[in-house]
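**Q** Dropping a structure here in structure tokens format, bear with me for questions.
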Amino acid sequence: MKTEYLQFTDDDLELAARLINDGQLVAFPTETVYGLGANALDEKAVESIFVAKGRPQDNPLIVHVANTSDIEKVAVLNDDAQKIIENLMPSSLTIVLKKLPIVPNCVTAGLDTVAVRMPKLQSARMFIEKCGVPIAAPSANTSTRPSPTNWQTVRDDLDGKISAVLCGEQCEVGIESTVLDLTGDTPLILRPGVVTANQIGKVLNKKVKVLSDTNAKVNSPGVRYKHYAPSCEVILNLDGDREKIEAHYKKQIELGKNPILLVSDIDQWKDHCVYSLGKTDVAVANRLYDALRFAEKRNDYIIIVFDRSGELADSILNRLTKASGGNIL
Ligand code: TXA
Ligand code: MG
């Protein structure tokens with residue numbers, strides 16, 4: 001299949017919407033990461049998402065809408081949902097609610113809940129609006145790989161496997177949306193992101209729980225799988241202990257490896273093979289997946305140094321832990 005690379009012109013948007021309504025797959029930018037979109041109400045189209053990505057069938061998809069009023073067409077709203085929708089949408093937040101029968105089971109992997117998101121990026125909402133249907137979309141990467149934050153990365157993974165890519169800007173946030181389960185009495189964050197438990201807690205005037213990966217069981221199938229993994233070995237250092245890092249770097253060279261350091265402060269590591277992760281949490285989130293893909297192309301061993309703390313740092317750490325397969329230095 002030839003993949004079309006489209007722009008945000010009237011004609012190209014028209015074509016992208018037509019492809020979606022024909023049951024085809026179109027990748028599109030959001031402010032978090034690029035999504036791989038299909039008509040959420042078209043079972044065949046949704047099934048082809050799993051094939052293109054090589055994604056396990058039991059990992060449900062997020063349904064994207066252009067307007068808050070479209071959420072009640074796919075999900076049952078409760079009081080918490082109303083408050084979140086009024087105060088925190090659109091944003092980099094996905095809410096899990098009881099699903100309506102209109103949503104096919106293949107979207108939700110047979111669950112009786114559905115994840116719904118209204119992206120903050122206006123051009124993403126424009127595309128969804130043009131399609132006139134809710135859009136089921138996972139991140140637009142091959143399953144297990146780091147998510148794409150620019151259209152070139154979507155091309156690297158999915159060229160020839162999907163009908164079109166809407167080419168937008170580099171994603172501003174760079175890590176995926178916060179996934180918030182609102183089906184119980186206590187709001188539960190299934191996947192942390194830039195929208196934090198604190199922000200959500202203030203809106204709901206409730207304590208918000210964060211699911212830790214170690215006790216993640218059935219609620220969010222996505223947490224079970226290998227994720228964000230580069231093609232080579234990755235090790236994560238969380239204390240910034242220079243001697244330890246230095247010794248490990250040298251040892252890899254002795255073993256015949258070609259290691260690279262991903263760090264916030266490259267000046268400290270001048271005579272090493274090093275690449276900047278960014279100096280602030282916002283910058284690290286923005287650069288992270290690109291940095292992993294950059295490093296794996298040139299090196300065969302990645303040492304990530306990340307000793308930041310705070311709510312956004314914790315969300316980044318969630319991705320780093322997975323990228324390294326829990327391999328800690
Ligand atoms: O920022 C994002 O969320 C991006 C953009 C494209 O919107 N999408 C994204 O989708 O990251 P994906 O498929 O890579 O991750 C969706 C996550 C998975 O962890 C999945 O298990 C969870 O959301 N999820 C989806 N539906 C769910 C449901 N009904 N209940 C619990 N978790 C659900
Ligand atoms: Mg993903």
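What follows draws every value from the coordinates through simple rules; no lab data is involved. Model, not experiment: these values are computed from the prediction. Neighbour counts are summed over all protein chains in view; Cβ atoms, including those assigned to glycine, are modelled from backbone coordinates with ideal geometry.
**Q** For the pair GLU243 and ASN21, how long in nm is the line joining their label points, each one 7 Å along Cα→Cβ?
**A** For the pair GLU243/ASN21, the computed spacing is 6.8 nm.
**Q** Would you work out if segment 73-150 is rounded, prolate or oblate? Take a ≥ b ≥ c from the square roots of the eigenvalues of the alpha-carbon gyration tensor; rounded if a/c is under 1.5, else prolate when a/b is larger than b/c, oblate otherwise.
**A** Working: a/c = 1.56, a/b = 1.18, b/c = 1.33.
The shape class here is oblate.
**Q** Taking the number of other C-beta atoms within 10 Å as the exposure measure, put CYS167, CYS131, CYS273 in order starting with the fewest. Mind showing how you got there, number by number?
**A** Working: CYS167 19, CYS131 24, CYS273 16.
Lowest count first: CYS273, CYS167, CYS131.
**Q** Now a separate question. For segment 180-185, in order, what is each residue's ³J(HN,Hα) by Karplus, 6.51 cos²θ - 1.76 cosθ + 1.60 with θ = phi - 60°, in whole Hz (x at glycine and Pro)?
**A** 10, 8, 10, 7, x, 5
**Q** For a test of the definition: using alpha carbon positions, the gyration tensor, and the 1.5 limit on a/c, classify segment 1-160 as rounded, prolate or oblate. Provide the component values of the computation, followed by the final result.
**A** Details: a/c = 1.60, a/b = 1.33, b/c = 1.20.
Note, shape of segment 1-160 comes out prolate.
**Q** Right, something else. Could you pull out every residue, at least 5 positions away or on a different chain, whose amide H is within less than 5 Å of the one on SER264? Hs are placed 1.01 Å off N in the peptide plane, and Pro or chain starts have none.
**A** Those lying under 5 Å, H to H, from SER264 are LEU277.
**Q** Another question, if that's okay. Among HIS227, HIS248, rank each residue by its count of other Cβ atoms within 10 Å, from fewest to most, as a rough exposure measure.
**A** HIS248, HIS227
**Q** Here is a follow-up. Got a sec? How would TRP151, TRP269 order by Cβ neighbour count within 10 Å, fewest to most? Don't skip to the answer; put the middle values down first.
**A** Numbers: TRP151 22, TRP269 18.
Ordered by Cβ neighbours within 10 Å, fewest first: TRP269, TRP151.
**Q** Further question on the same structure: What is the spin-label model distance, in nm, from LEU255 to LYS279 if the labels are put 7 Å beyond Cα along the C-beta direction?
**A** 3.3 nm
**Q** Right, here's the next one. Rg to Rh ratio, the chain, alpha-carbon atoms and Kirkwood radius? Write out the running numbers ahead of the final one.
**A** Working: Rg = 19.8 Å, Rh = 20.3 Å.
So for the chain, dividing Rg by the Kirkwood Rh gives 0.98.
**Q** How large is the translational diffusion coefficient of segment 110-248 in µm² per second when you combine the Kirkwood radius over alpha carbon pairs with Stokes-Einstein at 20 °C and 1.002 mPa s? Present the calculation step by step, with values, prior to reporting the outcome.
**A** On the way: Rh = 18.0 Å.
Answer, rounded: 119 µm²/s.
**Q** List every residue whose amide H lies under 5 Å from the amide H of VAL195, counting only residues 5 or more places away in sequence or on a different chain, with H placed 1.01 Å from N in the peptide plane.
**A** Amide H neighbours of VAL195: THR178.
**Q** Hey, another quick one. Compute the helix-to-body angle for 122-131: its Cα long axis versus the longest principal axis of the chain, expressed 0 to 90° and rounded to tens.
**A** Orientation of helix 122-131: about 40 degrees from the principal axis.
**Q** Holding the Cα-Cα limit at 21 Å, pick out from LYS2/LYS53; LYS202/LYS279; LYS73/LYS206; LYS44/LYS99; LYS44/LYS161; LYS250/LYS270 the pairs that are longer than that.
**A** Values: LYS2/LYS53 16 Å; LYS202/LYS279 28 Å; LYS73/LYS206 27 Å; LYS44/LYS99 19 Å; LYS44/LYS161 15 Å; LYS250/LYS270 15 Å.
Over 21 Å apart, Cα to Cα: LYS202/LYS279; LYS73/LYS206.
**Q** May I ask you to derive the FRET efficiency for LYS202 and GLU129 from their Cβ-Cβ distance with R0 = 30 Å, giving the value to the nearest 0.05? Mind showing how you got there, number by number?
**A** Details: r = 30 Å, r/R0 = 0.99.
It comes out at approximately 0.50.
**Q** Where both residues lie in the chain, what percent of DSSP beta bridges are antiparallel, nearest 5?
**A** On the way: 18 of 45 bridges.
Taking every DSSP beta bridge with both residues in the chain, the antiparallel ones total about 40 percent.
**Q** Work out from phi, with θ = phi - 60° and the Karplus expression 6.51 cos²θ - 1.76 cosθ + 1.60, the ³J(HN,Hα) of each residue of segment 191-203, listed in order in whole Hz, and give x for Gly and Pro.
**A** 9, x, x, 6, 7, 9, 4, 4, 4, 5, x, 5, 5
**Q** Now a separate question. Enumerate the amide H contacts of THR113 below 5 Å, restricted to partners 5 or more residues apart or on another chain; note that Pro and chain-start residues carry no placed amide H.
**A** LYS99
**Q** Once both labels are modelled 7 Å past Cα along the beta-carbon direction, what's the THR142-LYS73 spacing in nm?
**A** The answer from the label model is 3.6 nm.
**Q** Each residue of segment 303-308 in turn: what ³J(HN,Hα) in whole Hz from Karplus with 6.51, -1.76, 1.60 and θ = phi - 60°, glycine and Pro shown as x?
**A** My calculation for segment 303-308 gives 10, 9, 10, 9, 10, 8 Hz in order.
**Q** Continuing with the same structure: Is it possible to state the helix-based mean residue ellipticity at 222 nm for the chain, with each DSSP H run of 4+ residues giving -39500 (n - 2.57), the sum divided by total residues, to the nearest 500 deg cm²/dmol? What is it? All intermediate terms of the calculation are to be shown ahead of the outcome.
**A** Working: 10 runs with 107 residues, N = 329.
Helix contribution divided over all residues of the chain: -10000 deg cm²/dmol.
**Q** Further question on the same structure: Quick one: helix 242-254 against the long Cα principal axis of the chain, what's the angle to the nearest 10°, folded into 0 to 90?
**A** Tilt relative to the chain: about 80 degrees.
**Q** Taking the Cα centre as origin and putting +1 on Lys and Arg beta-carbons and -1 on Asp and Glu beta-carbons, what dipole magnitude results for the chain, to the nearest 20 debye?
**A** Numbers: 38 positive and 43 negative charges, 122 e Å.
Rounded to the nearest 20 debye, it is 580 debye.
**Q** With an 8 Å Cα cut-off and a minimum separation of 6 or more residues, compute the relative contact order for the chain in percent.
**A** Value for the chain: 20 percent.
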